[in-house]
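**Student:** Attaching a single structure in structure tokens format; questions to follow.
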Amino acid sequence: MYSNTVIDHFMSPRNAWQMPDADGIGTIGEPDCGDHCMMFIKVREEIIHEISFLIFGCGAAVASGSMTTVLAKGKSIKEALELTEQDIINALDGLPEAKQHCSNLGVAALQAAIKDYLAKQGES
Ligand code: FES
Ligand code: FES
């Protein structure tokens with residue numbers, strides 16, 4: 001029921017590590033009780049030049065988080081903010097209907113990380 005791309009990204013998630021010196025961090029979900037995702041970004045001249053994530057969720061969520069980092073890396077902040085769940089699902093060659101919502105964790109965490117970065121820029 002899962003595409004080979006989903007299985008590949010679940011078995012070998014890309015960019016799955018905690019970034020200690022991120023420019024922006026986004027957390028989605030409740031770490032104490034359920035599915036959650038953290039995204040870390042480093043930004044250089046408005047481009048996401050490094051990105052990593054940590055996730056606690058089902059296989060589809062792990063694969064989606066991984067694909068989110070792959071798609072966001074090298075994009076401008078503006079382009080990355082426009083990434084949608086459907087972009088992730090398409091890049092994964094589809095997700096089963098019941099698992100489509102799991103692709104939201106990574107995208108939402110990425111948006112939160114970008115907003116965190118922008119807020120920090122405003123402060124400095
Ligand atoms: Fe924490 Fe439901 S969100 S128990
Ligand atoms: Fe909760 Fe997929 S992340 S079912």
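The values are calculated or read from the model by the stated rules, or taken from the named source; none is laboratory data. Being a predicted model, the structure only gives us computed values, none of them experimental. Glycine also receives a Cβ, built like all others from the backbone with ideal geometry; neighbour counts cover every protein chain displayed.
**Student:** Taking only region 1-46 into account, find how many residues are part of a loop (DSSP other than H, G, I, E, B), touching a Leu at 6+ places or on another chain (Cβ under 7 Å) and more than 16 Å from ligand 2 (Cβ to nearest atom).
**Tutor:** The number of residues fulfilling the criteria is 1.
**Student:** Tell me which residues, restricted to region 58-74, are over 11 Å from ALA113 (Cβ atoms), surrounded by 16 or more Cβ atoms within 10 Å (Cβ to Cβ) and touching a strand residue (DSSP E or B) at 6+ places or on another chain (Cβ under 7 Å).
**Tutor:** ALA61, VAL62, GLY65, LYS73 - these are the residues of region 58-74 that are over 11 Å from ALA113 (Cβ atoms), surrounded by 16 or more Cβ atoms within 10 Å (Cβ to Cβ) and touching a strand residue (DSSP E or B) at 6+ places or on another chain (Cβ under 7 Å).
**Student:** Which condition number in (1) buried (at least 22 other Cβ atoms within 10 Å of the Cβ); (2) farther than 15 Å from ALA109 by Cβ is the one that ILE88 fails?
**Tutor:** All conditions are met except number (2).
**Student:** Just name the residue that is surrounded by the most Cβ atoms within 10 Å (Cβ to Cβ) out of those in region 91-124 that are within 16 Å of ligand 1 (Cβ to nearest atom) and not hydrophobic (A, V, I, L, M, F, W, C).
**Tutor:** ASN104
**Student:** Tell me the residue from LEU71, LEU81, LEU110, LEU54 that is at pLDDT 95 or above and in contact with a His (Cβ under 9 Å, 6 or more places away or on another chain), please.
**Tutor:** Working: LEU71 fails: in contact with a His (Cβ under 9 Å, 6 or more places away or on another chain); LEU81 fails: in contact with a His (Cβ under 9 Å, 6 or more places away or on another chain); LEU110 fails: in contact with a His (Cβ under 9 Å, 6 or more places away or on another chain).
After ruling out the rest, the residue left standing is LEU54.
**Student:** So, one more: For region 56-82, how many residues meet the condition of being within 16 Å of ligand 1 (Cβ to nearest atom) and closer than 12 Å to LEU110 by Cα?
**Tutor:** Residues that pass the stated criteria total 0.
**Student:** Turning to a different aspect of this structure: When region 21-42 is examined, which residues are found to be of a type in the set (Asp, Glu) and near ligand 1 (Cβ under 10 Å from one of its atoms)? Break it down stepwise before answering.
**Tutor:** Taking region 21-42 first, the residues of a type in the set (Asp, Glu) are 21, 23, 30, 32, 35.
Once the filter is applied, which keeps residues that are of a type in the set (Asp, Glu) and near ligand 1 (Cβ under 10 Å from one of its atoms), region 21-42 yields GLU30, ASP32, ASP35.
**Student:** Would you pick out the residues in region 47-62 that are within 10 Å of the chain's Cα centre (by Cα), within 15 Å of ligand 2 (Cβ to nearest atom) and in a strand (DSSP E or B)? Step through it out loud before you land on a result.
**Tutor:** Start the filter on region 47-62 by keeping residues that are within 10 Å of the chain's Cα centre (by Cα), which leaves 51-55, 61-62.
Cutting the leftovers down to within 15 Å of ligand 2 (Cβ to nearest atom) gives us 53-55, 61-62.
Passing the criteria: PHE53, LEU54, ILE55.
**Student:** Please determine, by comparing only the residues of region 14-57 that are closer than 19 Å to LEU95 by Cα, out of contact with any Phe, Trp or Tyr (no Cβ under 9 Å at 6 or more places or on another chain) and among the hydrophobic types (A, V, I, L, M, F, W, C), which one is surrounded by the fewest Cβ atoms within 10 Å (Cβ to Cβ).
**Tutor:** The qualifying residue surrounded by the fewest Cβ atoms within 10 Å (Cβ to Cβ) is PHE56.
**Student:** Identify all residues within region 9-27 that are aliphatic (A, V, I, L, M) and over 16 Å from ALA119 (Cβ atoms); write none if there are none.
**Tutor:** Step one: list which residues in region 9-27 are aliphatic (A, V, I, L, M), which gives 11, 16, 19, 22, 25.
Matches in region 9-27: MET11, ALA16, MET19.
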